[in-house]
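The values are calculated or read from the model by the stated rules, or taken from the named source; none is laboratory data. All values reported here derive from a predicted model rather than from experimental measurement. Quick reminder, even Gly has a Cβ in these numbers, built from the backbone with ideal geometry, and neighbours come from all protein chains shown. Only protein heavy atoms, including side chains, enter the accessible area calculation; ligands, DNA and RNA are left aside. Shrake-Rupley method; radii C 1.70, N 1.55, O 1.52, S 1.80 Å.
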Amino acid sequence: MNNQNQFNPENREYEERLSKMSPFEVKNELIQFAKADARTSTSTFLNAGRGNPNWIATKPREAFFLLGEFGLQECRRVANNPIGIAGIPEVKDCGARFRTFLADNKDRAGAELLGQTFDYLINKHNYDPDALAHEFAEAVIGDQYPTPDRILRSTELIVQDYLRLAMGGSPDDKSVYDLFATEGGTAGMCYAFDSIQENFLIGKGDKMALMVPAFTPYIEIPQLERFSFDVININANKVQHDGYHTWQYPPEEIDKLRDPSIKLLCITNPSNPPSYTLAPEVRQQLIDIVKTDNPELMIVTDDVYGTFVKDFHSLMYELPYNTMCVYSFSKYFGATGWRLAVNAIRQDNVFDDKIKRLPEEQKAALRKRYSSLSLDPDSIKFIDRMVADSRLVALNHTAGLSTPQQMQMALMASFILHNDGSYKTTMMNTIKDRLEALWSTTGFTLLVDPLRAGYYSEIDIMVWAKKFYGDDFAKYLQDNYVPLDFVIRLANETAVVLLNGDGFDGPAWSVRASLANLNEDDYLKIGTAIRNLLDEYHSKYLAQKK
């Protein structure tokens, strides 16, 4: 794009072309505007466009790096060439050597969590000490292919327990969930779409439902030519009598799911960008509809922000038979660069049962597809098909998330299992304080809502345009500007980057701010910039009227 277009926020043709792009790609353009403004003004470049947190969880990382020393020690005891070559860990007496290592390093950062994790798996899950210490050593060193390829056994056990705690499962629930460790939640999402289609569970032109606003890949992937799904939007368009968004789903929207021809439902819970979890009455309506009207509905729920809500309840435990959960460790632990996530499916599930009932012609095609993996391809579980499909089947023997990544994931899960709840409280309060700072300088009203996660904030500028300046001014905005103009002008004039909410299938004039990646004082400045820009539009409106 030429510079004339790039730095002219009132070029309507340019804005309309830009609005067809993903908001995450638009963000790159906005960053250029904002950086240019910061160079030529007193403004500070503030990018609240992406949800990468500016915190990290230290204790699981301390444990990981200390474990790395044990792994190297185990390798060097087998062979230790001074030019920098060692052997690989041995199983015999590895548990005893690990306990000695922990005792020798008991005062070092990470030692306590390592010991807690080791004892937890031995005492709660009857893990053999030698096998467990050896698995830890090989995992952190990364000298072997992941075995099993879907997820290491110790990682699966401890992450299962973590999910039960974090996602609202009952401690008494004895049902078993199979986990597939993936390269972040985005990989888990891609693998889910891929295998659901490859296994004839949904095909081109079939109906799927999407609860919107939604994380953009859930909007964009079904539109790709390969999938071409008929997408039915379930809109969070419920408003209170005074016009405020609740970001919940009215009964008539949820009722769309009564149509049994809708085969798949995708949901981000809590939502992105509004950042609200499902209201209890919405969850109950969903449960009733699935049980009475659409019992074979497949559900993919992306619950990465659930840990920022008190008493969160995931659909993976509310509708366990129907639901696959995609959970990422990236946001809660400040670990987007680690690429850590799991896909979780209960062992008794709709995906496997639907595959068993496929027509013989489709079963034959799947037998051929997976024939290189088993003498009985029909018996391969859906979640293991996802693992194979992630490597185009032929490379199934080298599938799986790297073992160091899985070890770090296990330690993050263990950290929460052994924490007194203070970590969650601190994370929730951090987000809450930033959210209140943002809204305090806009002059807008932030309603109290226990269902709000607050990791993002979606602000509908049109709601506030009407409340502050009336319907005629709101009409003026709609008639004279493309909605994207607001975020372009914000970047161009104040060096602040937000994302356009309509790119998430939210209200056209809404904007999304991440509350994760800047400091509290920065959000005071962003709130002021939003309000000042709205006032600037109003000044232009008054000048035009004169």
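Key figures
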| quantity | calculated |
| --- | --- |
| On Cα atoms only, tilt of 153-166 relative to the major axis of the chain in degrees | 40 |
| Rg(Cα) / (2.2 N^0.38 Å) computed for segment 243-335, rounded to two decimals | 1.09 |
| Ranking by accessible area, most exposed first, for Asp352, Asp93 with a 1.4 Å probe | Asp93, Asp352 |
| Diffusion coefficient, µm² s⁻¹, Stokes-Einstein with Kirkwood Rh over alpha-carbon pairs of segment 18-97 at 4 °C and 1.567 mPa s | 73 |
| Acute angle (nearest 10 degrees) that the helix 471-480 long axis makes with the longest principal axis of the chain, alpha-carbon atoms | 80 |
| Per-selection Rg to Rh, segment 125-180 - Cα, Kirkwood hydrodynamic radius | 1.02 |
| Probe 1.4 Å, accessible area per residue of segment 438-503, Å² | 32 |
| Heavy-atom surface of segment 266-352, accessible at 1.4 Å and reported per residue (Å²) | 25 |
| Segment 45-160, accessible area per residue, ligands and nucleic acids excluded (1.4 Å, Å²) | 49 |
| Stokes-Einstein D in µm²/s, Kirkwood radius over Cα pairs - segment 283-376 at 10 °C with 1.306 mPa s viscosity | 101 |
| Along each principal axis, Cα extent of segment 194-255, largest first, Å | 46, 22, 15 |
| Carbon and sulfur %, accessible surface of the chain computed with the full protein complex present, 1.4 Å | 50 |
| Cα long-axis angle, helix 184-198 against the chain (0 to 90 degrees, to the nearest 10) | 80 |
| Quotient of C-alpha Rg and 2.2 N^0.38 Å, computed over segment 325-371 | 1.76 |
| Sorted peptide list for 508-517, 396-405, criterion being average Cβ within 10 angstrom, highest first | 508-517, 396-405 |
| Peptides 265-275, 362-372, 480-490 ordered by average Cβ neighbours within 10 Å, highest first | 265-275, 480-490, 362-372 |
| From the C-alpha gyration tensor of segment 428-546, square roots of 5λ in Å | 25, 14, 14 |
| Rg to Rh, two decimals, where segment 151-245 supplies the alpha carbon set and Rh follows Kirkwood | 1.07 |
| FRET E, pair Asp353, Glu220, Förster distance 41 Å, beta-carbon r, rounded to 0.05 | 0.90 |
| Using alpha carbons only: equivalent-ellipsoid semi-axes of segment 53-156, gyration tensor based, whole Å | 21, 18, 16 |
| Most to least packed among 234-240, 124-130 [average Cβ atoms within 10 Å] | 234-240, 124-130 |
| Cα-based Rg of the chain normalised by 2.2 N^0.38 Å, two decimals | 1.05 |
| P(r) weight above 16 Å for segment 336-445, C-alpha pairs, percent | 74 |
| Dipole axis of segment 318-365 (+1 Lys, Arg; -1 Asp, Glu on Cβ), positive-most option in Tyr332, Gln362, Asn349 | Tyr332 |
